[in-house]
Each structure stands twice: as C-alpha cells, then as structure tokens.
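A short reminder: the numbers here are calculations on the coordinates, not readings from a lab. What you see is a predicted model; the values in this text were computed from it and never measured. Counting neighbours? That spans all protein chains shown, and the Cβs are built from the backbone with ideal geometry, glycine included.
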Amino acid sequence: MPKVSAKRQITLPVEQCRQAHIAPGDEYNSYVDNHGHITIIKKTLRSAKGLLKDLKVNKQISDEDSLQSAITS
C-alpha cells in the first residue's frame with residue numbers, strides 16, 4: 001500500500017500508471033472535490049486543438065474593445 005512521504009509526495013502504483021498512460025516526467029493537473037477525493041489528470045499536448053474552430057470572428061471589433069467588453073461584463 002503506497003504511503004504519503006514526509007514531503008507529501010505520493011507514489012502511484014505502476015499498474016495505475018500503465019492504465020492511465022502516465023510515464024516519468026509527464027505533467028499533470030490535480031483537483032480536490034468537496035469530499036476530499038483527489039483527481040489526477042495527465043496533461044496532453046494539443047488536447048484543446050480545434051476547441052475554438054467553430055468560433056465566428058467579428059473583425060469589426062478591435063482587441064481592445066473585446067478586452068474592455070470582457071472586463072465590464
């Protein structure tokens with residue numbers, strides 16, 4: 001059974017790493033929910049690629065106007 005080290009480091013079991021495709025040196029995000037459960041999510045390159053592909057661009061609005069709109073909204 002893995003334990004938390006004195007530096008609060010956690011070692012993930014090898015089999016869980018294989019299942020999650022986590023390798024030494026991979027980056028991750030971790031989150032804690034209201035029940036104290038920790039979720040670890042491996043960062044992947046280009047995971048957001050195409051996320052904004054269907055966004056319509058209004059070229060009549062400047063970057064400054066867009067920023068100001070976001071600040072005052």
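Selection among 45, 68, 34 by position relative to the dipole of the stretch 30-73 gives 45 as farthest towards the positive end (Cβ unit charges, Cα centre).
Which FRET efficiency value, to the nearest 0.05, do you get for residue 51 and residue 3 by plugging their Cβ-Cβ distance into 1/(1 + (r/R0)^6) with R0 = 35 Å?
Values: r = 39 Å, r/R0 = 1.10.
So, using R0 = 35 Å, E works out to roughly 0.35.
A Förster radius of 22 Å combined with the Cβ-Cβ distance from residue 32 to residue 12 puts the calculated FRET efficiency at roughly 0.85. The magnitude of the dipole of the stretch 1-44, with charges of +1 and -1 set on the Cβ of Lys/Arg and Asp/Glu and taken from the Cα centre, is near 160 debye. Above 20 Å lies some portion of the pair distances; for the chain, what is it as a whole percent of all C-alpha pairs? For the chain, the share of Cα pairs beyond 20 Å comes to 59 percent.
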